[in-house]
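The values are calculated or read from the model by the stated rules, or taken from the named source; none is laboratory data. Computed from a predicted model, the values in this text were never measured in an experiment. All Cβ positions, glycine included, derive from the backbone under ideal geometry; neighbour counts span all protein chains shown.
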């Protein structure tokens, strides 16, 4: 199904097509050069957002990427270490409407040269499998247990109750690939559902909108409904980004959080990309978050001599360590998810009390 973007009426009217075109132009030609691996990363992420959200992109809006598409075979043969970025961009361009069928040739080359064999992690193998299967080729025909191994990783809920951004982002991407970005049932068990709630609670307590937006997207792709407190906050942040058009502006900015918050809006059929976008280099600045209680909560747990007992027993002690704004965030987190008690038990690391190393 194709999503329809709706926007506030700006002071200078701008069509949806113009906004999508301005973003594609900016990321393709204004922020970085095509030989920069960060160009690959940024453009792969933007195109992935548009393709997985089912956005109808005018063919002319893809024109800034024509040069990349024309020379993608040469890039792949010389930079095989970036094959996942290169293939992803090419496939998304074709699926968004760019004429051509190079994707099939690229996937064949990846399989023939066993590029997937160079991957160290199951998550990267699963991403590569998903890319190749988009053009009907299986790169790992003998690895029948790959998806189950990734599911086992997602089922270890205690992992995601501790601050570990790498693990949390790997959890979201595991759900993306297992669900083929919402196109099939990822067959997740109750433990993985708890893992998503735990990771989301941590992100909310840290006031990390970037990560929380990804978690909300992953939950929707898995057929789950994210807590309202989370989606309300993402909705707020998506509309409060400051977008500056300046040829001298630094691109070390919050572009990723900008894309993730708006992606979460699109997947939830909410208003997304509501700013006015000019044809030029744009810088994306996230709104300042409220006081985040996560660090103070961690310090409180570390300093406690006895962490046994649940949230009800420790709530008063934790609450007393927080400023009023941080208390408000904690109260919202506590009310947002029925998994909060289980999350806190693992967050407090009560099971490790008395362990001697």
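Restricting the range 53-80 to residues that are over 24 Å from residue 279 (Cα atoms) and in contact (Cβ under 8 Å) with a residue 24 or more places away in the chain, the residue that is surrounded by the fewest Cβ atoms within 10 Å (Cβ to Cβ) is 77. A count restricted to the range 136-154 and to residues that are crowded, with 19+ Cβ neighbours inside 10 Å and more than 22 Å from residue 193 (Cβ to Cβ) stands at 1.
Taken as a whole, the condition of being within 17 Å of the chain's Cα centre (by Cα), at negative phi and crowded, with 19+ Cβ neighbours inside 10 Å does not apply to residue 205.
Among the numbered conditions (1) more than 23 Å from residue 62 (Cα to Cα); (2) surrounded by 22 or more Cβ atoms within 10 Å (Cβ to Cβ), the only one that residue 93 does not meet is (1).
Every condition in (1) outside any helix (DSSP H, G or I); (2) modelled with pLDDT of 95 or more; (3) farther than 23 Å from residue 181 by Cα is met by residue 98 except one, and the failing one is (3). The helices (runs of 4 or more DSSP H) falling completely within the range 102-158 that include 3 or more residues that are at pLDDT 95 or above and closer than 28 Å to residue 168 by Cβ map to 122-133, 146-154. The residues of the range 164-190 that are surrounded by fewer than 15 Cβ atoms within 10 Å (Cβ to Cβ) and on the phi < 0 side of the Ramachandran plot, listed by number, are 164, 165, 166, 183, 184, 185, 189, 190. When residues in the range 318-331 are screened for being closer than 18 Å to residue 161 by Cβ and surrounded by fewer than 21 Cβ atoms within 10 Å (Cβ to Cβ), 1 of them pass. Filtering the range 33-61 to residues that are in contact with a strand residue (DSSP E or B) (Cβ under 9 Å, 6 or more places away or on another chain), modelled with pLDDT under 95 and not in a loop (DSSP other than H, G, I, E, B) leaves only 55. Taking the conditions (1) surrounded by 21 or more Cβ atoms within 10 Å (Cβ to Cβ); (2) assigned to a loop (DSSP other than H, G, I, E, B); (3) within 19 Å of the chain's Cα centre (by Cα) in turn, residue 258 satisfies each one other than (2).
Kindly indicate whether any position in the range 276-288 is at pLDDT 90 or above, under 30 Å from the mean Cα position of the chain (by Cα), surrounded by 13 or more Cβ atoms within 10 Å (Cβ to Cβ) and assigned to a helix (DSSP H, G or I). No.
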